[in-house]
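Everything below concerns the one structure shown next.
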Amino acid sequence: MPAAPFALALLLLAAPPEAVEESSDNPFGAVPTTPTTISGTDIAASARIGDRPLFVWHSAGPPKKQYLPLPKPFMFPLYTPSGVNVLDYASADHPHHKGVWVSVDEVELHLPGEDGAEGELLGPFKHWVEAGRIETQEVNLDPKRGTIRSVNHWLTPDGTPVLKEETTINAQGLTAMSRADDSSGYVMRNEGTLIEYDITLSPPPGGGTVTIGDTKEGFVGVRMAPALDVKRGDGVITNSEGGVGEKECWGKVAAWCDCSAPATEGAPGGGVALFDHPDNFRKARYHARGYGLMAISPFGPKAYTNGEEEAAPVEIKDPLRLRYAVYVHDGDAKAGDVAGAYQRYVGTPGK
């Protein structure tokens, strides 16, 4: 396994920035949250929830002397409230699966021609399988609000930009009231961590029209740690529609999809859920596999339905905003209250 993510993960051991009071414009309204802090540089940044490590985010800057550039930005590791890392990195079967990442195949750029004529067509390019880098152009960290904003250019193999991506990552530690075991009253408990991905896709600086074809290979991906996936561990895939297992969850429309392992006497279990936001231009489907991949995407209606549903390629002339979330929790989907966390994400308090 490459040494770079492990070296950069040492950022998590650094002293956290001074904690701050909860912001008055907290996106979760009256729901209590634990402050998130960010520290690091434009190369790698670590997040903490209170005083506990949460994740390390890695950028993918341009090549430098004696520096081998990463193929895309990604997050690795990512911890549950009890300290379990839920992610794998560049596994042998799919080395392009790196923690949590954003990419998709079938990206084309239609360049503008002269006098209204149709210009040159570049692509399609398969960024999901890293046949073209996603290079970080700009990083802005907000240490107190716990946000990371990056501007990334999706490049052809020869380095020409074909897509501009602007992503803001915002992490919030959710807490909830629960009755104490001795029935003496209520106590606060860690419920999990909600990590929002607010993504805007637009044509590159040189202009043109971007199209993304119908594909199952995208868009926000997660590669589960071996102990928490179905094939190598005790993981179970479930979704908001009552689906259980790969057969009932792969390619299905759902508000959320989760892969997690239950707590046992010797281990706290844990897992990850992906959330679709109702304001997105199209409902998402899930690339949920028993070997540990889980991804959420609006770009593959035909691929996910074996041709039963048709949709034209997604055309991007103006900025396209997409909102998703990664929810990391202890235990299985029920113990982690995935359904309740989703309701908080979309702004409706869960019961």
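The values are calculated or read from the model by the stated rules, or taken from the named source; none is laboratory data. What you are looking at is a predicted structure, and each value in this text was computed from that prediction instead of being measured. So basically every Cβ, Gly included, is an ideal-geometry build from the backbone, and we count neighbours across all protein chains shown.
Could you grab me the full set of residues in region 53-97 that are closer than 20 Å to Met224 by Cβ and of a type in the set (S, T, N, Q)?
Correct list: Thr80, Ser82, Asn85, Ser91.
Looking only at region 44-61, which residues are more than 18 Å from the chain's Cα centre (by Cα) and over 14 Å from Gly146 (Cα atoms)?
Gly61
Just the residues that are acidic (Asp, Glu) and either more than 21 Å from His96 (Cβ to Cβ) or assigned to a strand (DSSP E or B) (or both), please, taken from region 122-148.
Correct list: Glu135, Glu138, Asp142.
Considering each residue of region 108-134, count those that are modelled with pLDDT of 95 or more, touching a Pro at 6+ places or on another chain (Cβ under 6 Å) and on the phi < 0 side of the Ramachandran plot, and give that number.
Of the residues in that region, 2 qualify.
I want to confirm something. Restricting to region 287-338 and keeping residues that are touching a Gly at 6+ places or on another chain (Cβ under 7 Å) and hydroxyl-bearing (Ser, Thr, Tyr), which single residue is surrounded by the fewest Cβ atoms within 10 Å (Cβ to Cβ)?
Here the answer is Thr305.
Could you check region 240-351 for helices (runs of 4 or more DSSP H) lying wholly inside it with 3 or more residues that are touching a residue at least 60 places away in the same chain (Cβ under 8 Å)?
301-304, 338-346
Failed condition for Ala227, given (1) outside any loop (DSSP other than H, G, I, E, B); (2) surrounded by fewer than 17 Cβ atoms within 10 Å (Cβ to Cβ), with all others met?
Tallying (1) outside any loop (DSSP other than H, G, I, E, B); (2) surrounded by fewer than 17 Cβ atoms within 10 Å (Cβ to Cβ), Ala227 fails exactly one: (2).
For Ala225, all conditions in the list (1) closer than 19 Å to His94 by Cα; (2) out of contact with any Asp or Glu (no Cβ under 6 Å at 6 or more places or on another chain); (3) hydrophobic (A, V, I, L, M, F, W, C) hold save one; what is the number of the exception?
With respect to (1) closer than 19 Å to His94 by Cα; (2) out of contact with any Asp or Glu (no Cβ under 6 Å at 6 or more places or on another chain); (3) hydrophobic (A, V, I, L, M, F, W, C), Ala225 is out only on (2).
Of the numbered conditions (1) at pLDDT 95 or above; (2) farther than 29 Å from Leu163 by Cα, Val314 fails exactly one; give the number of that condition.
(2)
Can you give me the number of residues within region 103-121 that are buried (at least 19 other Cβ atoms within 10 Å of the Cβ), in contact with an Asp or Glu (Cβ under 7 Å, 6 or more places away or on another chain) and assigned to a strand (DSSP E or B)?
1
Among the candidates Gly233, Gly251, Gly206, Gly221, single out the residue that is out of contact with any Leu (no Cβ under 9 Å at 6 or more places or on another chain) and either polar (S, T, N, Q) or under 30 Å from Thr156 (Cβ atoms) (or both).
Going through Gly233, Gly251, Gly206, Gly221 in turn, the sole match is Gly251.
Which of the numbered conditions does Asp93 fail, given that it passes all the others? Conditions: (1) part of a loop (DSSP other than H, G, I, E, B); (2) in contact with a strand residue (DSSP E or B) (Cβ under 8 Å, 6 or more places away or on another chain).
Status for Asp93: all satisfied but (2).
Applying the selection to region 154-171, what residues are part of a strand (DSSP E or B) and either touching a helix residue (DSSP H, G or I) at 6+ places or on another chain (Cβ under 6 Å) or farther than 20 Å from Val100 by Cβ (or both)?
Across region 154-171, the qualifying residues are Leu155, Pro161, Val162, Lys164.
Would you check which residues across region 120-137 are touching a Ser or Thr at 6+ places or on another chain (Cβ under 7 Å) and hydrophobic (A, V, I, L, M, F, W, C) and list them?
Scanning region 120-137 gives Leu122, Phe125, Trp128, Ile134.
Results for (1) buried (at least 22 other Cβ atoms within 10 Å of the Cβ); (2) out of contact with any helix residue (DSSP H, G or I) (no Cβ under 9 Å at 6 or more places or on another chain); (3) modelled with pLDDT under 50, shown as yes or no for each residue.
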position	(1), (2), (3)
Phe6	no, yes, yes
Ala9	no, yes, yes
Ala19	no, yes, yes
Asp25	no, yes, yes
Pro62	no, yes, no
Pro81	yes, yes, no
Ser91	no, no, no
